[in-house]
Amino acid sequence: MNSQYRKSLPGTALDYFDTRAAVDAIQPGAYDKLPYTSRVLAENLVRRCDPATLTASLNQFIERRRDLDFPWFPARVVCHDILGQTALVDLAGLRDAIADQGGDPALVNPVVPTQLIVDHSLAVEAGGFDPDAFDKNRAIEDRRNEDRFHFINWTKKAFKNVDVIPPGNGIMHQINLEKMSPVVQVRDGVAFADTCVGTDSHTPMVDALGVISVGVGGLEAESVMLGRASWMRLPDITGVELTGRLRPGITSTDMVLALTQFLRRERVVGAYLEFFGEGANALTIGDRATISNMTPEYGATAAMFYIDQQTIDYLRLTGREDEQVKLVEQFAKHTGLWADSLTSAEYERVLSFDLSSVARSLAGPSNPHALLPTAELAARGISGVVENQPGKMPDGAVIIAAITSCTNTSNPRNMIA
């Protein structure tokens, strides 16, 4: 950790790194023009990168250049049991090798806090009509994965910096959003923005909280676990202005399917999207998380929302400690990560989408961009009045399906609907 630009964070006993001072020292007034993503990544550099390369790296953000790689040190790693277990097996093997050479195997641990969430091995064998379905399915899961779960439980005790969430607690992205992300980290007396990499393509779901969180492969996650930087160049940071509001009866699924169609058409592959505007301000964190979760479906790398009062309300709703919630608000407002501080942010490209234009529709799962408006179902012969015809369900029939998509888990309204 560096020492230059380290200052006291007003209203707390903590320090922070004054990224605004570092950026404006190079070009006065430049910090106010930076997008949210650039501000977070720039703070990471001011705090962690080699001081000899700091100015050159910050210039990439200020001048919107892409001719230099710079390091990013994610604050934590989130893994599901399949890829996370593989990484920990590698570390266990490294321990064996150290022991064979006469060293202390207990010294081999992840350097970066690692959260392993067991959620990728449950299969629905007993239907929801069975009142004991959950217990039966969990028992089958434990029996089929006995050896794997034994190893995972061992890692929880054997390794430092590893936190294991056992099976039966939910989907990793839901847990990351509701429990695991502090939004603002505190380490060695310093407060800084939470960031993470995860071994699943839908890891960006927690971008809804203003946390840069991207999906990576197992090898890259393992490298980050061991404290190595993830090297990158300035990404394409695209602003997406959301105008209007969703009409009554329109779900966040309708919204995200329409947005996916729009963003695929606009070709945002690999981009870091930042959603802002009156429409974004009015969306709940649950609705924002639905948009962020679908990041891989429209091909982007991240789908960020600014920190604002909706974020604070959500942290309280999900049981975060009062002191932590207060810290998030103080830190965001003081460091320019609060929504009101980003009205002057400049983007190389800005898209606009009107939420009031969203209609109820069907789509997917393999083609989420191919929308089918429900208003056209009868005209296309998909629906209509059916009176007890063999092989067809009568008009008004209701089908209840087990939807396992993590896109819905952020949103209780969606789950119930």
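Considering every residue within the stretch 194-212, establish whether at least one is in the same structural domain as Val162 (by TED's automatic domain parsing), out of contact with any helix residue (DSSP H, G or I) (no Cβ under 9 Å at 6 or more places or on another chain) and surrounded by fewer than 24 Cβ atoms within 10 Å (Cβ to Cβ).
Checked against the condition, which is being in the same structural domain as Val162 (by TED's automatic domain parsing), out of contact with any helix residue (DSSP H, G or I) (no Cβ under 9 Å at 6 or more places or on another chain) and surrounded by fewer than 24 Cβ atoms within 10 Å (Cβ to Cβ), the stretch 194-212 yields no hits at all.
Could you check the stretch 283-341 and list, in sequence order, the residues that are touching a strand residue (DSSP E or B) at 6+ places or on another chain (Cβ under 7 Å) and more than 22 Å from Tyr272 (Cβ to Cβ)?
Residue satisfying the conditions is Leu327 alone.
Test Asn137 against the stated conditions and say whether it is without any contact (Cβ under 8 Å) to a residue 60 or more places away in the chain, surrounded by 15 or more Cβ atoms within 10 Å (Cβ to Cβ) and within 25 Å of Ser223 (Cα to Cα).
The answer is no for Asn137.
Would you call Arg48 crowded, with 18+ Cβ neighbours inside 10 Å and within 22 Å of Arg65 (Cβ to Cβ)?
When the stated conditions are applied, Arg48 does not pass them.
Taking helices (runs of 4 or more DSSP H) that fall entirely within the stretch 267-383, which contain at least 1 residues that are of a type outside the set (A, V, I, L, M) and under 16 Å from Ile237 (Cα atoms)?
285-293, 295-298
Tell me yes or no: at least one residue of the stretch 273-283 is more than 20 Å from the chain's Cα centre (by Cα), closer than 30 Å to Gln185 by Cβ, surrounded by fewer than 16 Cβ atoms within 10 Å (Cβ to Cβ) and at pLDDT 95 or above.
Looking for residues that are more than 20 Å from the chain's Cα centre (by Cα), closer than 30 Å to Gln185 by Cβ, surrounded by fewer than 16 Cβ atoms within 10 Å (Cβ to Cβ) and at pLDDT 95 or above, one finds none in the stretch 273-283, hence no.
Identify, by number, the condition in (1) at pLDDT 95 or above; (2) hydrophobic (A, V, I, L, M, F, W, C); (3) in a helix (DSSP H, G or I); (4) surrounded by fewer than 20 Cβ atoms within 10 Å (Cβ to Cβ) that Val186 doesn't meet.
Looking at each condition in turn, Val186 falls short on (3).
The values are calculated or read from the model by the stated rules, or taken from the named source; none is laboratory data. Quick caveat, the model's predicted, so the values are computed rather than measured. Quick reminder, even Gly has a Cβ in these numbers, built from the backbone with ideal geometry, and neighbours come from all protein chains shown.
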